[in-house]
Amino acid sequence: MLGDGLDDQRVHVEAEPGREHRGAHHPDGILDETNPGIADRTDRSPLEIAQSAEFFSFGTNDLTQTGLGMSRDDSGSFLPQYQELEIVTKNPFATIDSSGVGQLVAIAVEKGRASRPNIKLGICGEHGGDPASIRFFEKVGLDYVSCSPYRVPVARLAAAQAALQVKGED
């Protein structure tokens, strides 16, 4: 169970529905009066989070840094050599590493939906505007992607194509 963090905030928000709570920050995430939810935390299991949260947004840039143990800020100094040596095939900060970091997302989706089948799951970050990443997120069952405004047109087209592709595979 989450303990006193998200649960206490949810009770607080639901107890005062007329009071403005939007964007109330808490160490366990961000809540608003209509959708108590959480942004990614590395110390909570998907089952624990889904018991209280109605949505979960994976910060894929931070998840990539944590999962791969590399800093995006420093990656320019070594990533080209990693690609040349075929340690990585693509920049993992541009396209999700589906066999590594992507599997963390897939596990969290599976376990989160096991606890709360209707939880809204999505991602935010640069991966939200990358067509290959969007296809992967569609396959693992995410509900939405969020990206920077200039990438929205590409993301919308990629999301539509991914939905049709996954539907065709079923």
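The values are calculated or read from the model by the stated rules, or taken from the named source; none is laboratory data. Being a predicted model, the structure only gives us computed values, none of them experimental. Because the Cβ atoms are built from the backbone with ideal geometry, glycine has one as well, and the counts that use them run over all protein chains shown. What goes into the accessible areas is simple: the full protein's heavy atoms, side chains included, and nothing from ligands, DNA or RNA. Shrake-Rupley method; radii C 1.70, N 1.55, O 1.52, S 1.80 Å.
Per-structure values
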item	result
Rounded to the nearest 10 Å², the accessible area of Phe56 at probe 1.4 Å	20
FRET efficiency, 1/(1 + (r/R0)^6) with R0 41 Å, evaluated for Lys167 and Leu68 via beta carbons	0.85
Counting all C-alpha pairs of the stretch 79-158, share separated by more than 20 Å (%)	37
Solvent exposure, largest accessible area first (probe 1.4 Å, DNA, RNA and ligands not counted), of Val154, Val88	Val154, Val88
Given Lys120/Lys167; Lys111/Lys139; Lys90/Lys167, the pairs whose alpha carbons are separated by over 25 Å	Lys90/Lys167
